[in-house]
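Asks: Right, I'll just put the structure down here and ask away after.
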Amino acid sequence: MALVVRAVVEDGQLKLLDPVDLPEGQQLRLQIETLSEEDAIRAALGDAVRWHDTSDDSDAWVEDMAGEIAQALSKGPSLSQIIIEERESGW
């Protein structure tokens, strides 16, 4: 039987973060695999978050054009300034 649980190391000891349903005295063989910060966050939040599908590149053009977009946005007043001016003019 394979069981995957999350754990942290505290004072050199493993502390399980997930409950296990095993009988007292059950012997185990552990394989310890460290998690990246991103993997740990994904494991902790699980299905509570809709994760970005890395195979979906429909918005890749934004990254490709990031420099051009930043340059275009740097010309003229900032978006904040435009909003302030519109509010002041009663638009």
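Each reported figure results from applying straightforward, stated rules to the coordinates on display, with no laboratory input. Given the structure is predicted, the values throughout are model-derived calculations rather than measurements. Quick reminder, even Gly has a Cβ in these numbers, built from the backbone with ideal geometry, and neighbours come from all protein chains shown.
Asks: From the list R42, R6, pick out the single residue that is out of contact with any strand residue (DSSP E or B) (no Cβ under 8 Å at 6 or more places or on another chain) and charged (D, E, K, R).
Replies: On the way: R6 fails: out of contact with any strand residue (DSSP E or B) (no Cβ under 8 Å at 6 or more places or on another chain).
None of the other options fit; the residue is R42.
Asks: Here are some residues: S55, S78. Which one is more than 19 Å from the chain's Cα centre (by Cα), farther than 20 Å from L16 by Cα and free of Cβ contacts under 8 Å to residues at least 40 places away in the same chain? Steps first, please.
Replies: Working: S55 fails: more than 19 Å from the chain's Cα centre (by Cα).
Just one listed residue meets the conditions, S78.
Asks: Can you tell me which residues in the stretch 3-25 are in a loop (DSSP other than H, G, I, E, B), surrounded by 10 or more Cβ atoms within 10 Å (Cβ to Cβ) and of a type outside the set (A, V, I, L, M, F, W, C)?
Replies: Taking the stretch 3-25 and keeping what is in a loop (DSSP other than H, G, I, E, B), we get 3-6, 11-12, 17-25.
Filter once more, keeping what is surrounded by 10 or more Cβ atoms within 10 Å (Cβ to Cβ): 5-6, 17-18, 22.
Across the stretch 3-25, the qualifying residues are R6, D18.
Asks: Now for a separate question. Exactly one of (1) free of Cβ contacts under 8 Å to residues at least 12 places away in the same chain; (2) under 30 Å from D18 (Cα atoms) is unmet by A44. Its number?
Replies: (1)
Asks: Restricting attention to the stretch 35-44, which residues are more than 23 Å from M1 (Cβ to Cβ) and assigned to a loop (DSSP other than H, G, I, E, B)?
Replies: S36
Asks: Keeping to the stretch 1-45, report how many residues are of a type in the set (K, R) and in contact with a helix residue (DSSP H, G or I) (Cβ under 7 Å, 6 or more places away or on another chain).
Replies: Of the residues in the stretch 1-45, the ones of a type in the set (K, R) are 6, 15, 29, 42.
Retained after the next criterion (residues that are in contact with a helix residue (DSSP H, G or I) (Cβ under 7 Å, 6 or more places away or on another chain)): 6.
Here the count works out to 1.
Asks: Inspect the stretch 26-33 for any residue being of a type in the set (A, V, I, L, M), more than 29 Å from the chain's Cα centre (by Cα) and surrounded by 10 or more Cβ atoms within 10 Å (Cβ to Cβ) and give the result as yes or no. Walk me through it before giving the result.
Replies: Our first condition is that a residue be of a type in the set (A, V, I, L, M); within the stretch 26-33, this holds for 28, 30, 32.
Now narrow it down to the ones that are more than 29 Å from the chain's Cα centre (by Cα): 28.
Now restrict to residues that are surrounded by 10 or more Cβ atoms within 10 Å (Cβ to Cβ): none.
No, the stretch 26-33 has no match at all.
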